[in-house]
Amino acid sequence: DCRSLTDFLKRFEIFYPILPYAVTQERIGYELCEDCARDNVIYFETRFAPALACNRKFTMEDAVVAALEGLRRGQRDFGIRCGLILCCYRSITLQQNIDTVKLAQKYRHQGVIGIDLAGDELHYPAAPHAEAFALARKLEIPITIHAGEGEKAENIREAVFDHGAARIGHDVALGRDTELLKQVRDHGTVFEICLTSNLQTCSVPSPSKHPFKKFFDEKVRVTLNTDDPAISNITLTDEFELAAREYKLSPAQIRELLVNAADAAFVEPSVRQELAARILT
C-alpha cells in the first residue's frame, strides 16, 4: 500500500534497530544463502549499507566483517556462491560514503565485489557523492547505482557517464528517453529490473506499463532481480513467474535473462563463463 519510493523506504525503518549486532549480520548473511539455495539460485550478489547497520559500539567495519562471515558459512553449508556489494547511501555524508568505498577496497578479496549508491532518489541527488565514486573508479571497484527508479532519466545518464556505473538498478525512467536508451544500450550498461518492487514503489502503475519488455525487445542488457525479497515477500522464482506470465516469455528468453545476469556478475571472467555454461546446459 505504499504510495511512493519514499514511502516504501520507510518500511525498512522497522528492522534498522536490530542491525548493529554481529549476530544479526551473520544470521542475515547465513540465512540468505539458505533461502537462495532453496530457490535454486547458483550465484547471487547481495548488498547493504554499512552506515545504516552501525552505531557507536558497532562500527561499519564490524558490520561488513560480520556479514562476510555469515555469507562465508552459508556458502559452505548450502553449496552456493555469492558476493557482497557495499552500498553508499544518498542521505548520509560524503565522508561516510568515502569510508564505505575504502571498506570495499579493504575487503575486496574477502567477499566484497562492488559498490552501490542506494536511498531516496526523489530527494537526494547523486552529485554530492561524486568524490566517493571517483575513488571507487580509481581503485577499479565495480559500480552499480540505483537510478531512474523515480521520474528522472537524467539520473541514469549521470550514473553511467559521470560516476562510472556498469549496472543500473531499476532504471524505469529510461523508458521515457529514447535517445538515452540507445546510448546506454550501445554502451553495454546492464539494467537490474525489479518488477515487484517497482509496482510497490508506484514507479509503474501495473506490470503492463513497465518498460521491461520494451528494453528486452530493443536489446538493452536487462536482468531480473528481487530487490528486497523480505520486504516484498518474494523469491527470484516469483519474479521470473511474473515476467513469464505478464510478458509471455519463452524458455529461450528466460535463459537469455539468466545468461545476462551471469555475464554481468562482478566476478572474474572465468566465473562468469562457468555460470553461463551451467545455465545453458
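Observations on the model:
- Quotient of C-alpha Rg and 2.2 N^0.38 Å, computed over the range 13-63: 1.25
- Over the chain, accessible surface divided per residue gives 48 Å², non-protein components excluded, 1.4 Å probe.
- Counting only protein heavy atoms and a probe of 1.4 Å, the accessible surface of the range 55-94 is 50% carbon and sulfur.
- Length released on extending from residue 268 to residue 250, taking residue separation times 0.36 nm less the Cα-Cα span: 3.5 nm
- Proximal lysines to residue 248, defined as alpha-carbon separation beneath 20 angstrom and excluding residues fewer than eight positions away on the same chain: 209, 213, 214, 219
- Farthest towards the positive end of the charge dipole of the range 59-100, among the residues 94, 82, 59, is the Cα of 82, using unit charges on the Cβ of Lys, Arg, Asp and Glu.
- With an a/c value under 1.5 for the gyration tensor axes a ≥ b ≥ c computed over the alpha-carbon atoms, the range 164-266 is described as rounded.
- Here the 3J(HN,Hα) profile of the range 3-13, calculated from phi with Karplus coefficients 6.51, -1.76 and 1.60 at θ = phi - 60°, is 10, 6, 4, 4, 5, 4, 5, 5, 5, 6, 5 Hz, Gly and Pro shown as x.
- For the range 1-85, the Kirkwood hydrodynamic radius comes to 13.6 Å, computed from all pairs of different C-alpha atoms.
- Fully extended contour minus Cα-Cα distance, from residue 281 to residue 176, at 0.36 nm per residue: 34.1 nm
- Translational diffusion of the chain, µm² s⁻¹ [Kirkwood Rh, Cα pairs; Stokes-Einstein; 37 °C; 0.692 mPa s]: 173 µm²/s
- Solvent-accessible area, 1.4 Å probe, carbon plus sulfur percent, for the range 161-281: 50 percent
- Amide H contacts of residue 83 (H built 1.01 Å from N, under 5 Å, at least 5 apart or other chain): 44, 45, 46
- Secondary-structure-derived ellipticity at 222 nm for the chain, considering helices only, amounts to -14000 deg cm²/dmol, per-run term -39500 (n - 2.57) for DSSP H runs with n ≥ 4.
- A quarter of the convex hull surface defined by the alpha-carbon atoms of the range 1-155 gives 9.8 nm² as the mean projection.
The values are calculated or read from the model by the stated rules, or taken from the named source; none is laboratory data. A quick note: this is a predicted structure, and the numbers were derived from the prediction, not measured. Backbone-built Cβ (ideal geometry, glycine too); neighbour counts: all protein chains shown. Protein only, heavy atoms only, side chains kept; ligands, DNA and RNA dropped before computing areas. Shrake-Rupley method; radii C 1.70, N 1.55, O 1.52, S 1.80 Å.
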